[in-house]
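These notes are about the structure you will find just below.
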Amino acid sequence: MSFIVGDTFWIKNPSSKNVRHLYFAIADGTTTGGRILLVNMSKVKEGNDTSCILKVGEHTAVTHESTIKYHEALLANPTDLASGIRMGVITSGDKATPNLVQKIQEGAKKSPFLRQEYKRFIP
């Protein structure tokens, strides 16, 4: 199973009482040494990173104004993602459009919350 930029995954987030959040693949193995850089979205709350705000309609899962939580970015091993999907722990979501991916990548470049080591993976 291979994954590319724009793929999305519903993954339980330990920092949110294991509520499932949508994660976007914003860098794939071509820039990350074979791993996938994932960032998740969450409802906008006071004090959240505002580097990238998603509006209703920009993705099928965006039902209210949401923010990308760059501080919770993950570098995922594709084998682990595939395993999680097979076991039902991770669910694939609707693909993000190229415009949405670009918006999230641009937010990643300017976010003060994304780890510097991850910023070098953003195309």
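The values are calculated or read from the model by the stated rules, or taken from the named source; none is laboratory data. Computed from a prediction, not measured in an experiment: that's the story for all the values here. Neighbour counts are summed over all protein chains in view; Cβ atoms, including those assigned to glycine, are modelled from backbone coordinates with ideal geometry.
Restricting attention to the range 88-106, does a residue exist that is within 14 Å of the chain's Cα centre (by Cα) and of a type in the set (D, E)? The answer is yes; a qualifying residue exists.
Can you name the residue in the range 110-121 that is surrounded by fewer than 17 Cβ atoms within 10 Å (Cβ to Cβ) and either assigned to a loop (DSSP other than H, G, I, E, B) or touching a helix residue (DSSP H, G or I) at 6+ places or on another chain (Cβ under 6 Å) (or both) and, of all such residues, is modelled with the lowest pLDDT? Here the answer is R120. For G107, the conditions (1) modelled with pLDDT of 95 or more; (2) small (G, A, S); (3) within 16 Å of I4 (Cβ to Cβ) are fulfilled apart from (3).
The number of residues in the range 81-108 being exposed (fewer than 13 other Cβ atoms within 10 Å of the Cβ), assigned to a helix (DSSP H, G or I) and among the charged types (D, E, K, R) comes to 1.
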